[in-house]
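Only one structure is covered here, and it is reproduced in the block below.
The values are calculated or read from the model by the stated rules, or taken from the named source; none is laboratory data. This one's a predicted model, so the numbers in the text were calculated from it and none came from an experiment. Methodologically, a virtual Cβ is constructed for each residue, glycine included, from the backbone with ideal geometry; neighbour enumeration extends over all protein chains shown. Just so you know, the surface numbers come from the protein's heavy atoms only, side chains and all, with ligands and any DNA or RNA stripped out. Shrake-Rupley method; radii C 1.70, N 1.55, O 1.52, S 1.80 Å.
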Amino acid sequence: MAVSAFWTWNGTEGERLNDPKSPSDWFKVDGVDALVELALNLHWSWNHAADELWEALDKDLWATTQNPWVILRTVSREKIKAALGSPEFRQKLDTLLRQNRESYRADAWFQHTHPGAALTTVAYFSMEFMLSEALPIYSGGLGNVAGDQMKAASDLGVPVVGVGLLYGQGYFRQDFDSEGRQQALYPINDPGQLPIRPLRQPNGEWLRLQIQLPGSKIWLRCWEVSVGRAKLYLLDTNDFANTAVHRGITSELYGGDAEMRLKQEIVLGIGGWRLLRALGLTPEVCHLNEGHAAFAVLERARSYMEDHKKPFDLAMNISRAGNVFTTHTAVSAGFDRFDPALIRTYLNHYAVDELAISVDDLLAMGRQNPEDNSEPFNMAYLAVHGSGQINGVSKLHGKVSRQIFQSLFPHWPQEEVPIGSVTNGIHVPTWDSAEADALWTSACGAKRWRGDRPIEDDIRHISNQELWQLPHCRAKRPDRADAEAVPVPTRCGRCRSVKCCRRFR
């Protein structure tokens, strides 16, 4: 799914172009481009074969940050040159890079199971993605699901591209003062220390998009994150051509007031779909991970209008079939709602000049009762009205969602409201410990999570003795005489660091 019109990885020259702050003397060291390629692909967040390389460059910094890109940006040229001069280090590096490239190019589960499939691109919109602590653009469960599904898509070869926001500070970090009171801290996300690249046009210019807000247009900067064979594209407004107030739109995740949230969701939905168009991507499926990105269904319809010279109603009806809405909220109060006056202020121009509809028609798509001018604009309702398929995140949640949204289907019995469910799973290689991974591999095979074959029988063949050999089981088992002599595992199941990461303390 590489886009030929824009720079992708192309060795030293491509990286120099995509990272304007790269130290120029890096590229005088033979082999550094291979280290950069490994560091800028978050495959290392679930495949830990390269951990020894980063530990060799700076063991303490690796244990603290779990961020290879920070290590490369921090350690000296001499240290990098010395490491690359080691035959053992260089052989491991070359082997890993070759294996990764071959793995990304090879057919995976999707290609084998659906050869010649018409599906080429699924656009996955989410307000947050939890891929690694090295890229702190997440808060909790919603980002957890999004990050794990991006990794699973890479493993399975499903053609998914993510679309999200790059936050200048992200979500708050929790700490406690001497009295035990919680402190909410907002450390800065320095893009130069994050494993991301600016997206560049063929002439080297940074890819920047414009959207209209009241009184002015604002610039959106575009970034690329490599997630195995998949790509995640991020937008931010921290462009020096914007005013200070506009630069802060993508400062905090779930921060600010309703007006700030509306601006973020305009950037994500409208800006996100325009980014895909700028990259030459035409997704057959647009997946909304919660209602935050529901404006994408409007922008998708607008794009269809532009391409086929059709009116909005027809474009919306045609494009709706390819939109999927996953709702995570179990209570209606959890949906984003906006005052109608706020929608009129921010989207009147978009409705009238770009969709060729009235702002009242736009408001109606986010309401239960289109005739009630006082009813707030509900992003989940817009997502429902704009999607051909809707699902909850468990069987029970699907039932609850049919109850929540029944008012939008007044002539349907509740049990027949067209909302299904897809039970959330996890990307197991991200979360299992090194010891557990070795056990599952011996019992079920290296590709146990990549396909349709049930592994329940394989797991049942694991003996109790083998299970109790896992360090965390042995350390907690009360009936062993030598329980106190068994060391508690020193490697974190999330990041494999020698010192457990903050999340699991």
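Summary table
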read-out	value
Yes/no for Glu133 being within 19 Å of Leu40 (Cβ to Cβ), of a type in the set (Asp, Glu) and open to solvent by 40 Å² or more (accessible area, probe 1.4 Å)	yes
Test set (1) touching a strand residue (DSSP E or B) at 6+ places or on another chain (Cβ under 9 Å); (2) within 17 Å of Leu165 (Cα to Cα) - His328 fails condition number	(2)
Any hit, the stretch 320-327, residues being of a type in the set (A, V, I, L, M), at pLDDT below 95 and either within 21 Å of Asn391 (Cβ to Cβ) or not in a helix (DSSP H, G or I) (or both)	no
All positions within the stretch 202-212 that are in a loop (DSSP other than H, G, I, E, B), of a type outside the set (Gly, Ala, Ser) and open to solvent by less than 50 Å² (accessible area, probe 1.4 Å)	Leu207
Count - residues of the stretch 180-201 that are at pLDDT below 90, open to solvent by 60 Å² or more (accessible area, probe 1.4 Å) and not in a strand (DSSP E or B)	2
Complete set of residues in the stretch 418-427 that are of a type in the set (A, V, I, L, M, F, W, C) and surrounded by 17 or more Cβ atoms within 10 Å (Cβ to Cβ)	Ile419
Long-range neighbours under 9 Å by Cβ, at least six apart or interchain, first residue over 21 Å from Phe129 (Cβ atoms) within the stretch 171-192, second open to solvent by 60 Å² or more (accessible area, probe 1.4 Å) and of a type in the set (A, V, I, L, M)	Asp175/Leu185
Number of positions in the stretch 415-427 that are touching a strand residue (DSSP E or B) at 6+ places or on another chain (Cβ under 7 Å) and either of a type in the set (Phe, Trp, Tyr) or part of a helix (DSSP H, G or I) (or both)	0
Residue identified as modelled with pLDDT under 90 and either touching a strand residue (DSSP E or B) at 6+ places or on another chain (Cβ under 7 Å) or among the charged types (D, E, K, R) (or both) among Asp51, Asp30	Asp30
Residue satisfying all of: in the stretch 305-319; part of a helix (DSSP H, G or I) and not hydrophobic (A, V, I, L, M, F, W, C); least open to solvent (accessible area, probe 1.4 Å) among these	Ser319
The stretch 259-304 - residue that is polar (S, T, N, Q) and in a helix (DSSP H, G or I) and, of those, surrounded by the fewest Cβ atoms within 10 Å (Cβ to Cβ)	Ser303
Residue in the stretch 379-391 that is under 30 Å from Lys310 (Cα atoms), among the polar types (S, T, N, Q) and free of Cβ contacts under 8 Å to residues at least 40 places away in the same chain present	no
Residue within the stretch 68-81 that is under 30 Å from Arg450 (Cα atoms) and in contact with a helix residue (DSSP H, G or I) (Cβ under 8 Å, 6 or more places away or on another chain) present	yes
Test for Pro195: is it without any contact (Cβ under 8 Å) to a residue 24 or more places away in the chain, over 29 Å from Val297 (Cα atoms) and of a type outside the set (Gly, Ala, Ser)	no
Whichever residue in the stretch 213-239 is among the polar types (S, T, N, Q) and touching a strand residue (DSSP E or B) at 6+ places or on another chain (Cβ under 8 Å) and, among such residues, is most open to solvent (accessible area, probe 1.4 Å)	Asn238
Qualifying residue in the stretch 386-401 (condition: open to solvent by less than 50 Å² (accessible area, probe 1.4 Å), of a type outside the set (Asp, Glu) and either modelled with pLDDT under 90 or more than 26 Å from Gly141 (Cα to Cα) (or both))	no
Some residue of the stretch 165-173 being of a type outside the set (D, E, K, R), assigned to a helix (DSSP H, G or I) and surrounded by fewer than 22 Cβ atoms within 10 Å (Cβ to Cβ)	no
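Quick grid of which residues meet (1) closer than 18 Å to Asp155 by Cα; (2) open to solvent by 40 Å² or more (accessible area, probe 1.4 Å):
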| residue | (1), (2) |
| --- | --- |
| Ala50 | yes, no |
| Asp60 | no, yes |
| Thr64 | no, yes |
| Glu78 | no, yes |
| Phe89 | no, no |
| Lys92 | no, yes |
| Arg98 | yes, yes |
| Gly116 | no, yes |
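So that you can scan it fast, the table gives a plain yes or no per residue for (1) assigned to a loop (DSSP other than H, G, I, E, B); (2) closer than 24 Å to Val29 by Cβ; (3) among the aliphatic types (A, V, I, L, M); (4) in contact (Cβ under 8 Å) with a residue 60 or more places away in the chain:
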position	(1), (2), (3), (4)
Lys79	no, yes, no, no
Leu93	no, yes, yes, yes
Arg98	no, yes, no, no
Ala117	yes, no, yes, no
Leu135	yes, no, yes, yes
Asp148	no, no, no, yes
Ala153	no, no, yes, yes
